[in-house]
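**Student:** My structure is below; once you've seen it, I'll send some questions.
The values are calculated or read from the model by the stated rules, or taken from the named source; none is laboratory data. This is a predicted model, so every value here is computed, not measured. Every residue, glycine among them, receives a Cβ derived from its backbone with ideal geometry; neighbour counts consider all protein chains shown. Keep in mind that these areas ignore ligands, DNA and RNA; they rest on the heavy atoms of the full protein, side chains included. Shrake-Rupley method; radii C 1.70, N 1.55, O 1.52, S 1.80 Å.
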Amino acid sequence: MTQSWKVVWYTATNVVNGDGKGWDTVKKTGVLYRDIADDIKNKIFQDRYGVGQMIPTENELVDDYGVSKITVRNAVDILVSEGYLQKKSGKGTFVISNRPFNRLSKADSFSAMLEYEGNQLTKKILSISVGEEGAIPQEFEQAQGQITRIERVYYLDDKPFILFTHYLRVPIEQVSAQFLENHSLYQVLKIAGISVKRFDDQFTVSEVSPKAKKVLRMTKPMGMERIRRGFDQFDELVEYSEAVYNTQVHPYEIQYEV
């Protein structure tokens, strides 16, 4: 018997300035420290401040943005609380995550949680292609622009764990296999200038396809499947993803703050 359940995630929308232009072009909220935090976050998404690297010093940020130290501190504190930065006494402030969504509602992202537990999570791209008519999700059939199809595998401690098939409303020339093997899917959308306002997740426990069973080296016929739909601020579909999880490797977990 097939069992399914549905989860809807909502997240704050931040439109990324994908062309990398200056600070004045990305002011959105009207709250100065929030705007500076968003600008620093965008630079993290674009790898201008890479994971493990130190961001500019407080004095340098004061000079860069032309604001007071307290404004810079408030901006940095936001990014520390959101899980992007970490302050190290006597050393500086370092980037610890470049995921667009470190938190979904009050739930830690599953992949982040796995890494926090000390697991090694790696990604391998199987294919990137243009989604052909008749072979893309029905929801995208009336979409404007090109749909790119991506197949990739997540490995957990070198064991095949998740098989993904993604469909993105992004031209194929804006999708790089090398970038995707080291970054979040949502950074591709962010850099393409597409924001995600909400996710609609549907989980099903059912018999998986022969291909998924082979790729994931599953010994049992049943597995957990997830369909995710991502919508932009106009409530238009920008992502449709199908995932199969080999829960024999690791159960799917969500941890909530209360």
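**Student:** Being more than 30 Å from ALA143 (Cα to Cα), of a type in the set (S, T, N, Q) and surrounded by 13 or more Cβ atoms within 10 Å (Cβ to Cβ) is the filter here, so list the residues in segment 111-132 that pass it.
**Tutor:** The answer is ASN119, THR122.
**Student:** Then there's this: Can you name every residue in segment 128-143 that is in contact with a Ser or Thr (Cβ under 7 Å, 6 or more places away or on another chain) and in a loop (DSSP other than H, G, I, E, B)?
**Tutor:** Passing the criteria: only GLY131.
**Student:** Restricting to segment 228-258, count the residues that are open to solvent by 50 Å² or more (accessible area, probe 1.4 Å) and in contact with a strand residue (DSSP E or B) (Cβ under 7 Å, 6 or more places away or on another chain). Steps first, answer last, please.
**Tutor:** At the first step, the residues of segment 228-258 found to be open to solvent by 50 Å² or more (accessible area, probe 1.4 Å) are 233-236, 242, 247-248, 251-258.
Filter once more, keeping what is in contact with a strand residue (DSSP E or B) (Cβ under 7 Å, 6 or more places away or on another chain): 242, 247, 252, 254-256.
Here the count works out to 6.
**Student:** Quick one: which of VAL238, VAL188 is closer than 29 Å to GLY145 by Cα and either at pLDDT below 85 or in a helix (DSSP H, G or I) (or both)? Write out each step before concluding.
**Tutor:** On the way: VAL238 fails: either at pLDDT below 85 or in a helix (DSSP H, G or I) (or both).
Unique residue meeting the criteria: VAL188.
**Student:** Which condition does ALA212 not pass, out of (1) surrounded by 15 or more Cβ atoms within 10 Å (Cβ to Cβ); (2) assigned to a strand (DSSP E or B), if it passes all the others?
**Tutor:** Just one mismatch for ALA212, condition (2).
**Student:** Name the pairs whose Cβ atoms lie under 7 Å apart, with the first residue in segment 142-162 and closer than 19 Å to SER184 by Cβ, the second small (Gly, Ala, Ser) and open to solvent by less than 10 Å² (accessible area, probe 1.4 Å), and 6 or more positions between them or separate chains?
**Tutor:** Close Cβ pairs (under 7 Å, with a partner that is small (Gly, Ala, Ser) and open to solvent by less than 10 Å² (accessible area, probe 1.4 Å)) amount to ILE162/ALA243.
**Student:** Of all residues being touching a Ser or Thr at 6+ places or on another chain (Cβ under 7 Å) and charged (D, E, K, R) in segment 144-165, which is surrounded by the most Cβ atoms within 10 Å (Cβ to Cβ)? Just the residue, please.
**Tutor:** Taking the candidates together, the pick is ARG149.
**Student:** Would you point out the residue of segment 195-212, among those that are in contact (Cβ under 8 Å) with a residue 60 or more places away in the chain and not polar (S, T, N, Q), that is nearest to LEU168 (Cα to Cα)?
**Tutor:** Ranking the qualifying residues of segment 195-212, first place goes to VAL196.
**Student:** Now for a different question. Considering only residues of segment 184-207 that are polar (S, T, N, Q) and buried (at least 17 other Cβ atoms within 10 Å of the Cβ), which is farthest from TYR49 (Cα to Cα)?
**Tutor:** SER195
**Student:** Say we look at segment 33-82 and pick out the residues that are in a loop (DSSP other than H, G, I, E, B), open to solvent by less than 80 Å² (accessible area, probe 1.4 Å) and hydrophobic (A, V, I, L, M, F, W, C); which of these is farthest from ILE191 (Cα to Cα)?
**Tutor:** VAL67
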